[in-house]
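Data block below; observations after.
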Amino acid sequence: MKSIGIGKSHSKIILMGEHSVVYGFPAIALPLKNIEVTCQLTPADQPLKMTIADPLVTAIFAALEYLEIPQAQVQYKITSSVPQRRGMGSSAAVAIAAIRSVFDYYDKPLDNQTLEMLVNQAEIIAHTNPSGLDAKTCLSDEAIKFIRNIGFSTLEVDLDAYLVIADTGIHGHTREAVEKVEAQEEKALPLLHGLGQLADAFEEAMADKNLERMGQAMNHAHDLLDELGVSSLQANHLVQVARDHQALGAKMSGGGLGGCIIALVETKEEAEHVAQQLEKEGALNTWIENL
Ligand code: PMV
């Protein structure tokens, strides 16, 4: 056992296919490698208390149980630049960092398959019925196309374009949003199907480096997500602001009912301008990613 265990992970953003991915349609997501989470595990005087509904503690417990030391006397400290509950994968990123810190502390090897299995155990607490997209993207260094229970492939992203991410400042409610979609039963199916087709269209447009078509697919996806009832007034407002200021497309991202929006723009100057306008119009924070 070491005196300190360290685990790291990074954030992610869903480009296309949130919600429909839960139902087996494809999704496309991007790791945000510069937005990191670190977990430090150190000795404590007593065993860690299990807090139901806390995905971080659940992740640490899942790791301790896997190592057959559930009574371990440890404490954790998270340092994170991932805003919590904003659809940037904080629960998956924090779970990955936490599990890595446990294995590091006990100096045990950890393969990616075991890590992903343990992360998804913790994600069940955060999301009830996670598709596995968040965990997979936070574990990847490249953009991915993900289909639940089928697998994923990495995607080449080599565009002359920028993605602006803006935080509405409101906690996303992924679990509630997933339940809201589920409660609509077959009424939601055409919308989910449409979202899946748009993820495919977006992927094709990205391969063709056609920014206009990518932006159109994003705009259309946002409208379908809004129709599903998982957007929010703030996200709709910021999406409109981005569209009014040269964005080729804009949409909410992640579970919704709060959280972040993303906007596609062509140049760095446009990205900075859109980010500035979004902050002026209420975004708590913005990030710019070169695609
Ligand atoms: O809110 P986030 O970024 O954790 O994304 C949730 C994505 C959903 O498709 C709504 C749920 C899932 O499990 O994939």
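The values are calculated or read from the model by the stated rules, or taken from the named source; none is laboratory data. Keep in mind that this is a model prediction, so the values were computed, not measured. SASA here: full protein model, heavy atoms, side chains in, ligands and nucleic acids out. Shrake-Rupley method; radii C 1.70, N 1.55, O 1.52, S 1.80 Å.
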Just to make sure I understand: if all protein chains stay in place, what is the order of Lys108, Lys12, Lys49 by accessible area at 1.4 Å, largest first?
Lys49, Lys108, Lys12
The ³J(HN,Hα) series, computed from each phi in the range 98-114 with the Karplus coefficients 6.51, -1.76 and 1.60 at θ = phi - 60°, rounded to the nearest Hz and given as x for glycine or proline, is 5, 5, 4, 5, 5, 5, 5, 4, 8, 6, 10, x, 9, 8, 4, 5, 5
Counting every C-alpha pair in the range 158-290, the percent lying more than 19 Å apart is 47
Under the rule of at least 5 residues apart or a separate chain, name every residue whose amide H is placed under 5 Å from the amide H of Gly249.
Leu264
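Sequence gap at least 6, Cα distance under 8 Å: using those rules, report the relative contact order of the chain to the nearest whole percent.
Rounded, it is 23 percent for the chain.
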Whole-Hz Karplus couplings 3J(HN,Hα) for the range 246-258, θ = phi - 60° and coefficients 6.51, -1.76, 1.60, Gly and Pro as x, run 6, 5, 6, x, 8, 7, 5, 9, x, x, x, 6, x
Please list, in chain and number order, the residues 5+ apart from Ile13 or on another chain whose amide H is under 5 Å from its amide H, with Hs placed from the backbone.
Leu30, Leu32
Cα gyration tensor of the range 5-153 diagonalised, 5x eigenvalues square-rooted, in angstrom largest first, produces semi-axes 26, 15, 13
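How large a share of the accessible area of the range 158-290, in percent, is made up of carbon and sulfur atoms when the probe is 1.4 Å and the other protein chains stay in place?
Of the solvent-accessible surface of the range 158-290, carbon and sulfur hold 45 percent.
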What lysines could a cross-link reach from Lys145, if we take a straight Cα to Cα line under 30 Å and drop same-chain neighbours fewer than 8 places away?
Lys8, Lys12, Lys33, Lys136, Lys180, Lys187, Lys209, Lys251, Lys268
Under Karplus coefficients 6.51, -1.76 and 1.60, residue-wise ³J(HN,Hα) of the range 223-239 in Hz, glycine/proline x:
5, 5, 5, 5, 5, 5, x, 10, 8, 8, 4, 5, 5, 4, 5, 5, 4
Area accessible to solvent at Phe25, 1.4 Å probe radius, in Å²
40
Which residue fluctuates the most in the chain, going by a Gaussian network model with Cα springs under 10 Å, if the choices are Asn112, Asn236, Asn129?
Asn112
Accessible area (Å², 1.4 Å probe, nearest 10) - Glu176:
90
Kirkwood Rh for the chain from C-alpha pairs, in Å, is 19.1
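Let me check something: with ligands and nucleic acids excluded, how do Phe152, Phe146 order by accessible area (1.4 Å probe), largest to smallest?
Values: Phe152 100, Phe146 15 Å².
Heavy-atom accessible area, descending, gives Phe152, Phe146.
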